Amino acid sequence: MRHLLLSRLLRRSSPPSQPHHHLQLIRALSSSSPLPSSDADLRKYAGYALLVLGCGAATYYSFPFPSDALHKKAVPFKYAPLPDDLHTVSNWSGTHEVHTRVLLQPDSIPALEDALATVHRERRRLRPVGSGLSPNGLGLSRAGMVNLALMDKVLDVDVKKKTVTVQAGIRVSQLVDALREHGLTLQNFASVREQQVGGIIQVGAHGTGALLPPIDEQVISMKLVTPAKGTLELSSEKDPDLFYLARCGLGGLGVVAEVTLQCVERHQLVEHTFVSNAHEIKKNHKKWLSENKHIKYLWIPYTDTVVVVQCNPPSKWKTPKLTSKSGKDEALQHVRDLYRESLKKYRNEAESKDSAIDELSFPELRDQLLALDPLDKDHVIRINKAEAEYWKKSEGYRMGWSDEILGFECGGQQWVNETCFPTGTLAKPSMKDLDYMEELLQLIEKEDVPAPAPIEQRWTARSRSPMSPASSSGEDDIFSWVGIIMYLPTSDPRQRKDITEEFFNYRSLTQTSLWDNYSAYEHWAKIEVPKDKDELAELQVRLRKRFPVDAYNKARMELDPNKVLSSVKLDKMFPGTQTVQHAK
């Protein structure tokens, strides 16, 4: 079996045990019954008894019990191997996984056009999937997928205009490396670098900085390969309405094959990390938003600690001391001590003496700590307090290239939900972003949610892409993005199931208490489509309030009338008047 992208070993659970119906039979045999009333009845029951004994003897001598059977070990049942042509594709956290026999990797636009024309003609599905990193598995489809990993070339770099044209399968990390020799880089970055460019723009991914828009705004032009109309070249001059709609098109309008991006000069940033609190944040928030090119807050539940991370170009007049308040070992010692104490409590003292603990990074230590008791609120609070102490000892400055500085260690496998909502303008912030966080933290404590840290809060400028959660017609509008999280630090299926249930309860609390009040909408790569029909209907109504669903569906029907690029998730969010009859 081929495991492609971020695949996982196929996980099977044992089939549920069948209900036993022995009780009634046992009762029937053990119950007293009247004696036979005649010799005929006696002969009948004697005949039944002889028949049973005869069948038992025949079975024994036909299938003899081996003489050494008592000394043999039981052999667990083994599943038959999966077919060689079945691909297992999973997202990074292993929260979404599909098995498919159709996973195409074209190496050119003509090959991609041919693949889409074929599935269009045969009315089959072929969902575009990028690197498979989306927390909600947005690009996954059992019916079939197309991946552009073989279309990963830099086609043109215009140093004067600071633009780059690439095939959409190139990963962000590859692109940044290729731009380096030309003295260019991307304007902003999301937390990780392994996304394909086509995928990162289609889901409306973003970095942070109130003056910097989501990444889809960096797209100047693109080639969109569609099932019904072939390859379309789109830009603000060529079919602008479709261009802006398709920039954040969720892979439902066509497969993005080539992209021209606006770049900036390669530059360094000074990152200043320090610990603050809610009171100080309120006093300085407006100033910090306008003064810092990049800024984010890391809120730590059940504490008054807020980690502030500011990134700006180096000053020509003043160079800060590029160091942290404490060394790495000193910053981590408190967390290591907590882990050793917790090991004594939950496991045994021998494990607590393992020297390998000193080699673990902070995210690894947090994962190991959470794995001991991930849903015990008091245990999670102790971990959060240890994290707050870690950040206090890690305060300081560092300087590096922007693509190195703007990354963020997200931790291990996790469930995550991120919402985006308007928060005024840069000149007049509404302060709703801080109100949202205050209510969220109060909600967590009121409901005893075992919420780990951090809750990451970032900002962007608006996007002109109408399907972006940050879309707006106001040029000066700014948006806040808030992400809640629960880690999956274990491979134990039962524990992962319990964490999953608790996370969705956590998410539901935020939805019912906050989203409508703040006009908050989920990141497309993190929206989980509900199974309940009433909840699904509510989601569809909410999406219609915020996004041009009719225009999006109209474009889908024109470019992909058989919905071969769609998926169950997309069809549920944007139900149309026609559905495709896809092949079994």
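Among residues of the stretch 494-520 being exposed (fewer than 13 other Cβ atoms within 10 Å of the Cβ) and acidic (Asp, Glu), the one that is farthest from Ile201 (Cα to Cα) is Glu501. Of the numbered criteria (1) under 25 Å from Glu291 (Cα atoms); (2) in contact with a helix residue (DSSP H, G or I) (Cβ under 8 Å, 6 or more places away or on another chain); (3) open to solvent by 40 Å² or more (accessible area, probe 1.4 Å), the one Glu404 fails is (2).
Applying the condition of being modelled with pLDDT of 95 or more and of a type in the set (A, V, I, L, M, F, W, C) to the stretch 417-434 and asking which residue is most open to solvent (accessible area, probe 1.4 Å) yields Met431. Taken over the stretch 542-554, the criterion of being among the hydrophobic types (A, V, I, L, M, F, W, C) and surrounded by 15 or more Cβ atoms within 10 Å (Cβ to Cβ) is satisfied by Leu543, Phe547, Val549. Comparison of Arg507, Arg542 shows that the only residue that is touching a helix residue (DSSP H, G or I) at 6+ places or on another chain (Cβ under 9 Å), within 29 Å of Leu443 (Cα to Cα), of a type in the set (Lys, Arg) and assigned to a helix (DSSP H, G or I) is Arg542. Considering the stretch 105-141, and only residues there that are among the basic types (Lys, Arg) and touching a residue at least 12 places away in the same chain (Cβ under 8 Å), the residue that is nearest to Gly198 (Cα to Cα) turns out to be Arg127. Residues in the stretch 269-283 that are open to solvent by less than 30 Å² (accessible area, probe 1.4 Å) and either farther than 16 Å from Gly207 by Cβ or in a loop (DSSP other than H, G, I, E, B) (or both): Val270, Thr273, Ser276, Ile281. The set of residues in the stretch 319-339 that are open to solvent by 50 Å² or more (accessible area, probe 1.4 Å) and charged (D, E, K, R) comprises Lys321, Lys325, Lys328, Asp329, Glu330, Asp337.
Each residue in the stretch 346-374 was checked for being more than 30 Å from His272 (Cβ to Cβ), open to solvent by 60 Å² or more (accessible area, probe 1.4 Å) and in contact (Cβ under 8 Å) with a residue 24 or more places away in the chain, and 2 pass.
Working only within the stretch 93-111, note down all residues that are assigned to a loop (DSSP other than H, G, I, E, B) and under 19 Å from Gln413 (Cβ atoms). Result: Ser93, Gly94, Thr95, His96. Name the strands (runs of 3 or more DSSP E) wholly inside the stretch 385-475 in which the number of residues that are over 29 Å from Leu250 (Cβ atoms) and in contact (Cβ under 8 Å) with a residue 40 or more places away in the chain is 2 or more. By residue number, 396-401.
Number of residues in the stretch 285-344 that are assigned to a strand (DSSP E or B) and either aromatic (Phe, Trp, Tyr) or under 23 Å from Gly400 (Cα atoms) (or both) equals 13. Look at (1) aliphatic (A, V, I, L, M); (2) over 30 Å from Gln218 (Cα atoms); (3) surrounded by fewer than 20 Cβ atoms within 10 Å (Cβ to Cβ) and you find that Val264 fails only one, number (2). Could you say whether any residue in the stretch 490-497 is assigned to a loop (DSSP other than H, G, I, E, B) and in contact with a strand residue (DSSP E or B) (Cβ under 8 Å, 6 or more places away or on another chain)? No. When His523 is tested against (1) in contact (Cβ under 8 Å) with a residue 12 or more places away in the chain; (2) surrounded by fewer than 17 Cβ atoms within 10 Å (Cβ to Cβ); (3) under 24 Å from His206 (Cβ atoms), just one condition goes unmet, and that condition is (2). Scanning the stretch 555-569 for residues that are open to solvent by 40 Å² or more (accessible area, probe 1.4 Å) and part of a loop (DSSP other than H, G, I, E, B) turns up just one, Pro561.
Name the residues in the stretch 178-214 that are without any contact (Cβ under 8 Å) to a residue 60 or more places away in the chain and touching a Gly at 6+ places or on another chain (Cβ under 7 Å), would you? Within the stretch 178-214, just Ala190 meets the criteria.
The values are calculated or read from the model by the stated rules, or taken from the named source; none is laboratory data. From a predicted model like this one, the values you see are computed outputs, not experimental measurements. Please note: Cβ atoms are built from the backbone with ideal geometry, for glycine as well, and neighbour counts cover all protein chains shown. In case anyone asks, the SASA skips ligands and DNA or RNA and just uses the protein heavy atoms, side chains included. Shrake-Rupley method; radii C 1.70, N 1.55, O 1.52, S 1.80 Å.
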